[in-house]
Amino acid sequence: MYSISFNRLWPTIGGGANNASNSTRGVTIGFAHCCVRGEISTMDASEDAIRQMAKERGTKLLFETANESQNKDDLTVQINQVKNMIDQGAKSVIVVFQAAKGDKGTAAKTEILEYAKSKGVTIIAARRPVDKQLGSRFDNVLSVASSASEAGTYQSKMVVEQWKKHPEWDSNEDGKMQFVILQGDKTNKKMEERTSAFMRTLMTSDIGDKIERIPALEETNSERNKAKEIVAGWIKSEQIKKIEVMVGNTDDLVLGALDAFKEANIPPLPLFGMNAIDEAQQAVKNGEMAGTVLQDVVTQSKLSYQIAENLALGKKANDGIDLQFTGGNTLNVPYSIITPDSLAK
């Protein structure tokens, strides 16, 4: 779980064990997860938050995990899991959809939504929202997530603010920020959206005419070890001397870079990550990372649970929630910036 709580929204929508009513104790909610524990720390935090809410509220929670790392493009497991939950009496189902690409992913979501609609059940898409096309087709799906492009915007603003505060980072004293982006999987739509928003925000900032993006010659996937290997290669080839700031689309990529600097026994460049996992937050505290962006998955998950419970009780989806759905079916949870300054506050 996160070591820092940013539940700015939660006091108005939460409830402890003492607040569980007799009506909630009779409710059955489904939770179909994409990922097994230990694969993605933010997904573990999501699962923990939803399980804790169900426990506090006395809800019967039907839980299944599809293990997307093994099933990959085999989406029938999750499809059948959701159907079984509905057949077992789930009045609403929280689904973290498998990260399938293209037509297969759309077909799987469509089959789930069609079956749920035929049974009068609403699907709450947590962490991974359904696209606008599907959202407009089905009135029984609600998404709770954070905008990928907004994440890139927050990250870019953080980099600009910190660059201006640290003139010593301009190691070649040319008045420009030379930076590199560890993008990760370029076929991942969210990664691409983050990068595009990051660059767009950076170029329109007040240092937009004083930046230079150093092309990353090697492709990174989203794995920490691969990022470490690539940055270690840059260190050995002295290409690293051309770079003043390093930005990653995930904390794992940046922590991999940090591993390479530590192994080479040289001070790390200013490193900026994304997701604010525990290890990254600790690295910011220790001065090993310059910052990261908190995608508040705990609040996302609690909101997903609250919506599921509301619907199961026949209430309005956003009953007791201070956020409004955009586009009719999406609840966007704001991000927070994590820097040494924000941690000090």
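The values are calculated or read from the model by the stated rules, or taken from the named source; none is laboratory data. All values derive from a computational prediction rather than experimental measurement. Here the Cβ positions follow ideal geometry from the backbone for every residue, glycine too, while neighbour counts run over all protein chains shown.
Points worth noting:
- Number of positions in the stretch 276-297 that are within 17 Å of the chain's Cα centre (by Cα) and buried (at least 23 other Cβ atoms within 10 Å of the Cβ): 10
- Scanning the stretch 262-274 for residues that are buried (at least 24 other Cβ atoms within 10 Å of the Cβ) and touching a residue at least 40 places away in the same chain (Cβ under 8 Å) yields PHE272, MET274.
- Every residue from the stretch 89-136 that is hydroxyl-bearing (Ser, Thr, Tyr), touching a helix residue (DSSP H, G or I) at 6+ places or on another chain (Cβ under 6 Å) and farther than 19 Å from THR76 by Cα: SER92, THR122
- Some residue of the stretch 230-244 being polar (S, T, N, Q) and out of contact with any Asp or Glu (no Cβ under 6 Å at 6 or more places or on another chain): yes
- Taken as a whole, the structure places LEU202 among residues that are at pLDDT 95 or above and touching a helix residue (DSSP H, G or I) at 6+ places or on another chain (Cβ under 6 Å).
- In the stretch 167-186, the residues that are small (Gly, Ala, Ser) and either part of a helix (DSSP H, G or I) or at pLDDT 95 or above (or both): SER171, GLY175
- Filtering the stretch 299-345 to residues that are in a helix (DSSP H, G or I), under 23 Å from THR59 (Cβ atoms) and under 22 Å from the mean Cα position of the chain (by Cα) leaves THR299, GLN300, SER301, LYS302, LEU303, SER304, TYR305, GLN306, ILE307, ALA308.
- Of all residues in the stretch 274-294, those satisfying the criterion of being under 15 Å from SER342 (Cα atoms) and of a type outside the set (Val, Ile, Thr) are ALA276, ALA280, GLN281, GLN282, ALA283, LYS285, ASN286, GLY287, MET289, ALA290, GLY291, LEU294.
- Looking at the stretch 35-149, the strands (runs of 3 or more DSSP E) lying wholly inside it that each contain 1 or more residues that are crowded, with 22+ Cβ neighbours inside 10 Å, in contact (Cβ under 8 Å) with a residue 40 or more places away in the chain and under 20 Å from the mean Cα position of the chain (by Cα) sit at 92-95, 122-126, 141-145.
- Number of residues in the stretch 59-84 that are in contact with a strand residue (DSSP E or B) (Cβ under 8 Å, 6 or more places away or on another chain) and either outside the structural domain of ALA107 (by TED's automatic domain parsing) or more than 13 Å from PHE97 (Cα to Cα) (or both): the value is 6.
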